[in-house]
Amino acid sequence: MIKYSILIITIIITLFSCDGRYHSKKQPLDRVAAKELLLSFTENVKYFPEEYTEFTNDTILSNGYTVKIKNYSDMENNVLQTFKTSTTTNKHYFREVITEVEVYKNNKQIFKHVLDDAFLSLSNTDYVLNQVYIDEIKSLNTNTLHLVASACIPRTVSCPVYNIAIDPEGEYLITKI
């Protein structure tokens, strides 16, 4: 019985002597970093846009052009931008935007294309197509349809703008503005 009493007293003394004085002087972030757990908790992942988005724009011009523009987010392809802030690694995924354009002249389809990096001849695949819109004033003045397409590298100021001129026969010319 004395052996059990000595064993129990030894266990109790051992447990009470482990009061954490060594860890009390460390910051919580230092303790997590020492165990290399910090790497698993400090990754911030975001998607832009977060969910599927789609919008369409149908326009009828007085010079006989009808334009249908459909934009939607590609949920499979994206551009990754990675950057660090103090101890956090941020991963921002910018989803590609797919733009389908159909152009009619006097109710006859003359142009149907998907506007993407290949169509705009972009050599850098980090570009994300932002917007495609109709330059109505230029289209009415020249009797050709003028579309303006903007593509940007996310988180930069590199945003080339392209003019797509479509004549009444459906031939197009792309120029960088």
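Things worth noting here:
- Residue in the range 150-177 that is nearest to residue 106 (Cα to Cα), counting only those that are in a strand (DSSP E or B) and aliphatic (A, V, I, L, M): 166
- Sole residue being outside any strand (DSSP E or B) and without any contact (Cβ under 8 Å) to a residue 60 or more places away in the chain, chosen from 120, 129, 140: 120
- Single residue of 133, 127, 104 found to be within 19 Å of the chain's Cα centre (by Cα) and of a type outside the set (Asp, Glu): 127
- Selection count, the range 83-127, where residues are closer than 18 Å to residue 53 by Cβ, hydroxyl-bearing (Ser, Thr, Tyr) and surrounded by fewer than 17 Cβ atoms within 10 Å (Cβ to Cβ): 1
- Criterion: aliphatic (A, V, I, L, M) and open to solvent by less than 50 Å² (accessible area, probe 1.4 Å) - qualifying residue of 157, 132: 132
- Meets criteria (polar (S, T, N, Q) and under 24 Å from the mean Cα position of the chain (by Cα)) for residue 139: no
- Listed by first and then second residue, the pairs linking a residue in the range 47-61 that is within 28 Å of residue 145 (Cβ to Cβ) and among the aromatic types (Phe, Trp, Tyr) to a residue that is part of a strand (DSSP E or B) and at pLDDT below 95, with Cβ atoms under 8 Å apart and 6 or more places separating them unless they lie on different chains, are 55/71; 55/72.
- Among residues of the range 64-82, those that are more than 11 Å from residue 47 (Cα to Cα), open to solvent by 30 Å² or more (accessible area, probe 1.4 Å) and in contact (Cβ under 8 Å) with a residue 24 or more places away in the chain, counted: 4
- Put simply, of 172, 162 the only residue that is of a type outside the set (S, T, N, Q) and out of contact with any Phe, Trp or Tyr (no Cβ under 9 Å at 6 or more places or on another chain) is 162.
The values are calculated or read from the model by the stated rules, or taken from the named source; none is laboratory data. Everything numeric here is computed off the predicted structure, so don't read it as measured data. Glycine also receives a Cβ, built like all others from the backbone with ideal geometry; neighbour counts cover every protein chain displayed. The protein model used for the area step is the full one, side chains on, heavy atoms only, and it has no ligands, DNA or RNA in it. Shrake-Rupley method; radii C 1.70, N 1.55, O 1.52, S 1.80 Å.
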